[in-house]
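The values are calculated or read from the model by the stated rules, or taken from the named source; none is laboratory data. All values derive from a computational prediction rather than experimental measurement. Glycine also receives a Cβ, built like all others from the backbone with ideal geometry; neighbour counts cover every protein chain displayed. Keep in mind that these areas ignore ligands, DNA and RNA; they rest on the heavy atoms of the full protein, side chains included. Shrake-Rupley method; radii C 1.70, N 1.55, O 1.52, S 1.80 Å.
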Amino acid sequence: MAKAMCSLGACLAVMLVVLAAAVAGVGCSIVSYDGRSLILDGERRIVISGSIHYPRSTPEMWPDLIKKAKEGGLNAIETYVFWNGHEPRRREFNFEGNYDVVRFFKEIQNAGMYAILRIGPYICGEWNYGGLPVWLRDIPGIKFRLHNKPFENEMEAFTTLIVKKMKDANMFAGQGGPIILAQIENEYGYTMLQPENIQSAHEYIHWCADMANKQNVGVPWIMCQQDNDVPPNVVNTCNGFYCHEWFSNRTSIPKMWTENWTGWYRDWDQPEFRRPTEDIAFAVAMFFQMRGSLQNYYMYHGGTNFGRTAGGPYITTSYDYDAPLDEYGNLRQPKYGHLKELHSVLMSMEKILLHGDYIDTNYGDNVTVTKYTLNATTSACFINNRFDDRDVNVTLDGTTHFLPAWSVSILPNCKTVAFNSAKIKTQTTVMVNKTSMVEQQTEHFKWSWMPENLRPFMTDEKGNFRKNELLEQIVTTTDQSDYLWYRTSLEHKGEGSYVLYVNTTGHELYAFVNGKLVGQQYSPNENFTFQLKSPVKLHDGKNYISLLSGTVGLRNYGGSFELLPAGIVGGPVKLIDSSGSAIDLSNNSWSYKAGLAGEYRKIYLDKPGNKWRRHNSTIPINRPFTWYKTTFQAPAGEDSVVVDLHGLNKGVAWVNGNSLGRYWPSYVAADMPGCHHCDYRGVFKAEVEAQKCLTGCGEPSQQLYHVPRSFLNKGEPNTLILFEEAGGDPSEVAVRTVVEGSVCASAEVGDTVTLSCGAHGRTISSVDVASLGVARGRCGSYDGGCESKVAYDAFAAACVGKESCTVLVTDAFANAGCVSGVLTVQATC
């Protein structure tokens, strides 16, 4: 057993904090572990956690997100710490606003929940550069995430800073705080597989563990995806879609799952990956059947990549992740409700699962019964059916139980099924985008506009510096902007026609010759080396070539990912004539300038003095490098607010000076093999291996952009500013709310059906379907099977005009001539 405990002096020093926290259920804890589970204050505990990343929402959202997580049956919240957000420039720190990490942990404590602190400080997380500050590249001799003093010194300095902040706020369990685990490094096993790094990686990962333990935080340190070369003073954990077959290679540590992927992130060219509710419930039930004790949903709330925080490259601004709470914080039903029911059953079995003896019995291929027994008098059972193509019947102690394919039944007394992962009894909610009365009046906004000032960049004068080579973009800009200007000039005798050839590692490129835009191109995803070839004409005398290279998020994962280049590094850049002869400009004198004039002027803050234009209510459209501005009233109520950017191409949006992130609605999602069907049965995969459950195929990868309520002014105009980089039309832009549309449920006789229109006072306006047997279509568009008038009347009487209602399904709902079976109900909010 490993043990970490608070000293008497530390406990006395925080007595007032402990007393206050005890009211919320968190006290001065001794955190230890054995081979079965974490041990908190001497008791083995099941921990059901969910990831909520504080910078991907706002401080005003945090209490509600945490509250919903707790109501969903979670008892812990997990988060990364975002180094490049907290230290964007060396020794310049940011712990304000949505980077106030201490405030976030205090909100967790106030809710009476535990917390898992994942310092990293490399985090991956689909976050720009994996959370590592780009300024690290300026330090001589540095090698990321390998054994070398330059990197280790910076990593230790930041880790120590975060630990000190948490200690000063009494956030660790031994101080009466919520933090019961801390993580150092992240998913390091991939790096260790590279042969050239094995020795350095070994020394580094053991240094990480020693450095972390010297911090004396009083709780165990964990490392995820570190199955090989595990330091003895940390606990290794599993990440993945499924972890039931994973066991640590050490018997003295508990089986913990730090990332159960509830869905997947989205790239600009990809559909949405929707992990079925039945499958994630199957995975969780299997994990606890096979001795799991700590499980964390990654993500429980995904949120939004505000500003330039999205990684990738090409990861969307939305980080919805198909999580139980959607990007805006609404309940995603049925995922939220079905998992809540599972959590309740698991927690009711906590003592027997963590203390009982267990035996696994195979009932042929792919069917296993696990029986837990405590004191020979109390028992609990799991039955799993791992077939993805057939249902099975399993007889246990004389009772036969039906299991759908790819499902787990949980019997807390080994007699009665309390939960089956494939039988969803909670409601399904279809969210819709709504135009309110205020929005209807302002749907066609009055726009003004301003051209981006490109003139200073159309020559090679007034740059930050010059070099006779083509430089790498990330190092040159230190990622302070998506944009880097490469500018040069050449003397030419007479006029001439050429092809401008630019080899670049992207991610996008605009080419200007003598002040005229002659070409633009962006890279296909996953292949960020491309060649721009544009016809150009040179005049007699001096000619100027200006190349604007853009990035769309920096890589966040992979071996030595930080060394992968961006920009026109090395080129070549050539002018090729009709005979194939080339003028190589690669070693010309190049002038460099990071960023755009509008960024330096901070046009998005709408300061006085900006010269916005309006010509008889008309504005230029499809014009690259254009700023647009309008105002709107905040929609009434508390519903989630989004801005619909249909018609625009690519750029960035701000509301009242707050960046909503990059937009790119013109980028249409690919039509992949998994786009046209979704069967929960069988292994779920994402990215190129995805074969099912994809949505949004052939549609804009992201059209709606979250506007948190805290960004909005109540009772006065709100300013929306767009920087349209590639040329679009803002005339169809609209501000909308996201609300519950249709709510549906399926149930059998004896079940109770609860329908709800959410927490914002919306009521059920109609009951649309009450059907026995097989209903056609899906929630929101059911066509019905055999309609039951009795059922319809019962639901209409109980539900219409109510925010929520509950109805017991009885035999009386069956109609003559209807095949008895599952009742499907659909209502409209």
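Some points to look at:
- Failed condition for residue 340, given (1) open to solvent by less than 60 Å² (accessible area, probe 1.4 Å); (2) touching a Gly at 6+ places or on another chain (Cβ under 9 Å): (1)
- In region 674-729, the residues that are open to solvent by 10 Å² or more (accessible area, probe 1.4 Å), β-branched (Val, Ile, Thr) and in contact (Cβ under 8 Å) with a residue 24 or more places away in the chain: 683, 695, 719
- Residue within region 81-90 that is aliphatic (A, V, I, L, M) and surrounded by fewer than 23 Cβ atoms within 10 Å (Cβ to Cβ) present: no
- Screening the candidates 523, 534 for the property of being of a type in the set (Ser, Thr, Tyr), open to solvent by less than 10 Å² (accessible area, probe 1.4 Å) and in contact with a Leu (Cβ under 7 Å, 6 or more places away or on another chain) yields one hit, 534.
- Summed over region 248-273, the residues that are in a loop (DSSP other than H, G, I, E, B) and either free of Cβ contacts under 8 Å to residues at least 40 places away in the same chain or surrounded by 19 or more Cβ atoms within 10 Å (Cβ to Cβ) (or both) give a count of 13.
- The condition of being touching a strand residue (DSSP E or B) at 6+ places or on another chain (Cβ under 7 Å), closer than 30 Å to residue 584 by Cβ and in contact (Cβ under 8 Å) with a residue 24 or more places away in the chain holds for only one of 429, 477, that being 477.
- Within the option set 390, 386, being open to solvent by 60 Å² or more (accessible area, probe 1.4 Å), modelled with pLDDT of 95 or more, within 32 Å of the chain's Cα centre (by Cα) and among the basic types (Lys, Arg) holds for one residue only, 386.
- Selected residue (only one of 506, 571, 553, 463 is of a type outside the set (D, E, K, R), more than 26 Å from residue 724 (Cβ to Cβ) and surrounded by 18 or more Cβ atoms within 10 Å (Cβ to Cβ)): 571
- Within region 637-652, considering residues that are open to solvent by less than 20 Å² (accessible area, probe 1.4 Å) and part of a strand (DSSP E or B), the one farthest from residue 740 (Cα to Cα): 651
- Condition met for residue 196 (open to solvent by 10 Å² or more (accessible area, probe 1.4 Å), more than 30 Å from the chain's Cα centre (by Cα) and either acidic (Asp, Glu) or within 30 Å of residue 42 (Cβ to Cβ) (or both)): yes
- Test: residue in region 342-361 that is in a strand (DSSP E or B), modelled with pLDDT of 95 or more and within 21 Å of residue 758 (Cβ to Cβ): no
- The criterion of at least 2 residues that are under 30 Å from residue 489 (Cα atoms), over 33 Å from the mean Cα position of the chain (by Cα) and of a type outside the set (Phe, Trp, Tyr) is met by the following strands (runs of 3 or more DSSP E) wholly inside region 535-636: 541-550, 573-576, 582-584.
- Yes/no for residue 785 being in contact with a Leu (Cβ under 8 Å, 6 or more places away or on another chain), over 15 Å from residue 743 (Cα atoms) and either buried (at least 18 other Cβ atoms within 10 Å of the Cβ) or modelled with pLDDT of 90 or more (or both): yes
- Some residue of region 742-750 being touching a Lys or Arg at 6+ places or on another chain (Cβ under 9 Å) and closer than 30 Å to residue 703 by Cα: yes
- Enumerated strands (runs of 3 or more DSSP E) restricted to region 443-524, each holding at least 2 residues that are polar (S, T, N, Q): 483-492, 496-504, 516-522
- Only one of 542, 516 that is closer than 18 Å to residue 590 by Cα and either open to solvent by 10 Å² or more (accessible area, probe 1.4 Å) or not β-branched (Val, Ile, Thr) (or both): 542
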